[in-house]
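The values are calculated or read from the model by the stated rules, or taken from the named source; none is laboratory data. It should be emphasised that the depicted structure is a prediction, and the values quoted were computed from it without experimental measurement. Every residue, glycine among them, receives a Cβ derived from its backbone with ideal geometry; neighbour counts consider all protein chains shown.
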Amino acid sequence: MSKKQQPIEMITPPNMLRVKVGGRIGPIADDVIARAEAALETMQEDFAHWLEDEVRKLESAAMNVKTRGVRGEAGETLFAAAHDLRGLGATYQFPIITRLAASLCKMVETAEKREAAPPALALAHADAIRAALRQNIRDVDNAVGRMLVDELETRVAEFAAPWEPAAQPTAMRAAG
C-alpha cells in the first residue's frame, strides 16, 4: 500500500474538562438556599449605603466632566463609574439605576463616542441617578422614573445611532 492509500485515522482527545470541573452538581438543599436568602436579607440595609457610595463616585466623575468635558480621563472615569452602577443597581434593588447607568454607558463606552458625547446629556444621567436614589424611585413603575428613563434612553439612542451597526450602509457592514 502506498502512503496515499492508507486509511485515515481519527484521534479524539480525551475530555479533560469533565475531570477538572467534576461531575454533575446535585440538588441544592433547601436549608442552604434559606441561609443564603437570610444573609441577603441582613445585607439589604447595607445596600443603600453601598449604592450611595457608588452614586457619589459617579457624581465626582460628573463634576470632572462638567469642567473638563467627556473626553480623555474624565470620560473614562465617568464610564467606569456608570459601568459599576449598571451592574449594581438591580442588585441593590434599584433596577432603574441599572437602566440609567446602562444608557450612560452606551453613550460613553468608547473613546470615539466620548469625543462627540454632549456633556449636558452625561450630566443629566448623573442627576437622574441621584434623583432616583434620593426619591426612592426604584423602577419604571414610577411615572416620573419612566419618563426620565424614556427621555434619556431616547436621547442616547439618537446620539449613538451613527455607531450602531444597523445604521451603517450594507456595503460598510460587509467590509467591516
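The residues of region 146-165 that are more than 19 Å from residue 110 (Cα to Cα) and under 17 Å from the mean Cα position of the chain (by Cα) amount to a single one, 149.
Here is a yes/no grid of residues against (1) modelled with pLDDT of 85 or more; (2) of a type in the set (Asp, Glu); (3) in contact with a Lys or Arg (Cβ under 8 Å, 6 or more places away or on another chain):
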residue	(1), (2), (3)
34	yes, no, no
38	yes, no, no
42	no, no, no
48	no, no, no
55	yes, no, yes
59	yes, yes, yes
64	yes, no, no
67	yes, no, no
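Put simply, of 146, 130 the only residue that is at pLDDT 95 or above, buried (at least 16 other Cβ atoms within 10 Å of the Cβ) and among the basic types (Lys, Arg) is 130.
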